[in-house]
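Written below as structure tokens is the structure these notes are about.
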Amino acid sequence: MSPTDATLRDWLLHRLPEADAVVLEERLLREDALAARLREAETDLIDDHAAERLDAATREAVARHLIADPGGRWRWMVARALVARTRAAASTGQRRRRRRIVAAIGALARRRCWRSH
């Protein structure tokens, strides 16, 4: 049976019971696909931390176990930059959409006024 994503996250955050952790670690050494899933879970946790989508206890565990070292900190900084860029792009996109809507309304109003004269 394959471990769930929650199990992988618990292992990464040192929340998995010792006996379960030992079994998972043995499988990680043998199964490349499981190791890849673990890396994905780690990336998801770092991304969720950067985007502030975690509860306080999980945020603290991620900070302590995944982003405390320079490599993890670098990954978190990249994730934060991507979050900021995505939010800025969404905000810019919303402003552009509003401008287009206002321009379209203005054009319709001008056309209507032109036709009425």
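Some values worked out for this structure:
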quantity: Single unsatisfied condition, residue 67 versus (1) in a helix (DSSP H, G or I); (2) more than 11 Å from the chain's Cα centre (by Cα); calculated: (1)
quantity: Whichever residue in segment 1-25 is in contact with a His (Cβ under 9 Å, 6 or more places away or on another chain) and surrounded by 11 or more Cβ atoms within 10 Å (Cβ to Cβ) and, among such residues, is farthest from residue 45 (Cα to Cα); calculated: 21
quantity: Options 43, 7; residue that is of a type in the set (Val, Ile, Thr) and touching an Asp or Glu at 6+ places or on another chain (Cβ under 8 Å); calculated: 7
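Read the figures in this text as sums done on the coordinates, not as results from a lab. As the structure is a prediction and not an experimental result, all values here were calculated from the model. Neighbour counts run over all protein chains shown; Cβ positions are idealised from the backbone, glycine included.
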